[in-house]
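> Attaching a single structure in C-alpha cells format; questions to follow.
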Amino acid sequence: MSWTEIVIEIARANAEALSDALMEAGALSVSVEDADEGTDAEQPLFGEPGMEPDEAAWEHSRVVALTDVDADQAAIVAAAAAAIRLKVVPEFTLRAVAEQDWVRLTQSQFAPIHIGKNIWVVPSWHEAPDPDGLILELDPGLAFGTGSHPTTRLCMEWLEANPSPGKTVLDYGCGSGILAMVAKKLASDLVVGVDIDPQAIESARDNSARNHCEVGYFLPDDLAKSAHAEQRFDTVVANILSSPLKVMAPMLSGRVAAGGALILSGVLERQADEVIAAYAPFIKLGVWAEQDGWVALHGRQGADVPPARVKEGV
C-alpha cells in the first residue's frame, strides 16, 4: 500500500489547530516540524519539568499529514481550513510515500549499544556481539532509557565500575528499568525501582522479566506502603533532571545508608554546582564523569567528596 503526505507551512498560532482539523478531515496521522530545521533560524523546542513549551509548534511550522494515496488531499485541506475558520485555504505540496517494510526499516535504526567495558544493550532482533558480556535485551519503547543517552550511559558506567555484590540498590526514576537491571546483573542482592509513571513501571517489569532480573518496581505511593518504606540502600541512583533532583535532595539523601553511595545524572555541566549545593547539607557530591555536556555526580554518605573518574590515557 502507498500513501501521500500533505505538507503545509503555517504560523505557530494555527499549527496545532490545523493538525487536529486535518485528522478530523480524514488524515491518517499528522506531525508538526520546524520548517526552519537545518538553517540558522532553527529553534530548539524543549524544557525541563515546569518549563515545558506551551505547545509543540514552532514560529514557522511545517504540518505533515499522511493520507491514503487515493484520498482527495485538496478536499481534506479545504475541510480542515474551514473547520478552524481560516480565511484562505493554505497552500500545500504533496509527497509520495513509497511502500516499505516499516518493521525492518525501524529495526535497522537500532543496533546493539556497547557501554563501559562489558555492557551491551541489544534489541531483541539482534544477536549479542559479545555473548560473554553483560547483556541487556531491550527494545526501544515508551519508557525512557535504552543506553543511548549520555546520562544513562554515565550511570551504567558508574555501576559497572562500582559493583555492589550482595548489596542493596535503589533506582529512583527507573524509566525502562535499565539501571536497576544492570545493578541486578552485577550481583546486587536487593534492587528496587521507583517511577511516577505507571507506564514506565509496567515497561520496567516486562523488561526485567525478559532479562531474568528480579527487581521490585513501585510507584512512590506504593513504595510508601511496602516493606521498603523506610529502607536505606547501599547505592541510590537517580537519572532524572536537575530541577527535580534539587527538590528531592533531602529525600534521596535520606535513602542512602551509612557509607552508601549516591549517583545522580540528568544534570548539565553548567548545572552541576547548583545540584551539588542542594545536596551539600546532606551528602558531599563531586563530578564523577562528563559526556557530551552532561555530568554524573557521586558521593558517599558520611565521606568527603570522592575523586572524579580518571580519563583513559591520562
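The values are calculated or read from the model by the stated rules, or taken from the named source; none is laboratory data. Since the structure is predicted, the reported quantities are computational estimates derived from the model, not experimental observations. Please note: Cβ atoms are built from the backbone with ideal geometry, for glycine as well, and neighbour counts cover all protein chains shown. The accessibility values were calculated without ligands, DNA or RNA, using every heavy atom of the protein model including side chains. Shrake-Rupley method; radii C 1.70, N 1.55, O 1.52, S 1.80 Å.
> Can you name the condition, by its number, that residue 203 falls short on among (1) modelled with pLDDT of 95 or more; (2) buried (at least 16 other Cβ atoms within 10 Å of the Cβ)?
Looking at each condition in turn, residue 203 falls short on (1).
> Looking at region 143-165, can you tell me whether even one residue there is open to solvent by 20 Å² or more (accessible area, probe 1.4 Å), among the β-branched types (Val, Ile, Thr) and outside any loop (DSSP other than H, G, I, E, B)?
For region 143-165, residues open to solvent by 20 Å² or more (accessible area, probe 1.4 Å), among the β-branched types (Val, Ile, Thr) and outside any loop (DSSP other than H, G, I, E, B): absent.
> Do we have residue 260 as in contact with a strand residue (DSSP E or B) (Cβ under 6 Å, 6 or more places away or on another chain) and at pLDDT 95 or above here?
When the stated conditions are applied, residue 260 passes them.
> Looking at (1) surrounded by 11 or more Cβ atoms within 10 Å (Cβ to Cβ); (2) over 19 Å from the mean Cα position of the chain (by Cα); (3) modelled with pLDDT under 80, which one does residue 49 not meet, given that it meets all the others?
Checking residue 49 against (1) surrounded by 11 or more Cβ atoms within 10 Å (Cβ to Cβ); (2) over 19 Å from the mean Cα position of the chain (by Cα); (3) modelled with pLDDT under 80, the one that fails is (2).
> Go through 286, 254 for me and flag whichever is under 26 Å from residue 191 (Cα atoms), at pLDDT 95 or above, open to solvent by less than 10 Å² (accessible area, probe 1.4 Å) and small (Gly, Ala, Ser).
Step by step, each of 286, 254 is checked, and only 286 is under 26 Å from residue 191 (Cα atoms), at pLDDT 95 or above, open to solvent by less than 10 Å² (accessible area, probe 1.4 Å) and small (Gly, Ala, Ser).
> Now, a different point. Only one of 243, 208, 188 is surrounded by 21 or more Cβ atoms within 10 Å (Cβ to Cβ), within 23 Å of residue 299 (Cβ to Cβ) and of a type outside the set (A, V, I, L, M, F, W, C); which?
188
> Out of region 219-240, which residues are touching a residue at least 12 places away in the same chain (Cβ under 8 Å) and open to solvent by 40 Å² or more (accessible area, probe 1.4 Å)?
Scanning region 219-240 gives 219, 220, 231, 232, 234, 240.
> Which of the residues that make up region 196-214 are at negative phi and either basic (Lys, Arg) or free of Cβ contacts under 8 Å to residues at least 40 places away in the same chain (or both)?
196, 198, 201, 202, 205, 206, 208, 209, 210, 213, 214
> Out of all the residues in region 120-133, which are surrounded by 12 or more Cβ atoms within 10 Å (Cβ to Cβ) and either among the charged types (D, E, K, R) or modelled with pLDDT of 95 or more (or both)?
Result: 130, single match.
> Among what's in region 11-38 and is open to solvent by less than 50 Å² (accessible area, probe 1.4 Å), part of a strand (DSSP E or B) and in contact with a Lys or Arg (Cβ under 8 Å, 6 or more places away or on another chain), pick the residue that is modelled with the lowest pLDDT.
34
> Tell me which of these residue 143 doesn't satisfy, since it passes every other one: (1) at pLDDT 95 or above; (2) touching a Cys at 6+ places or on another chain (Cβ under 9 Å).
Failed condition: (1).
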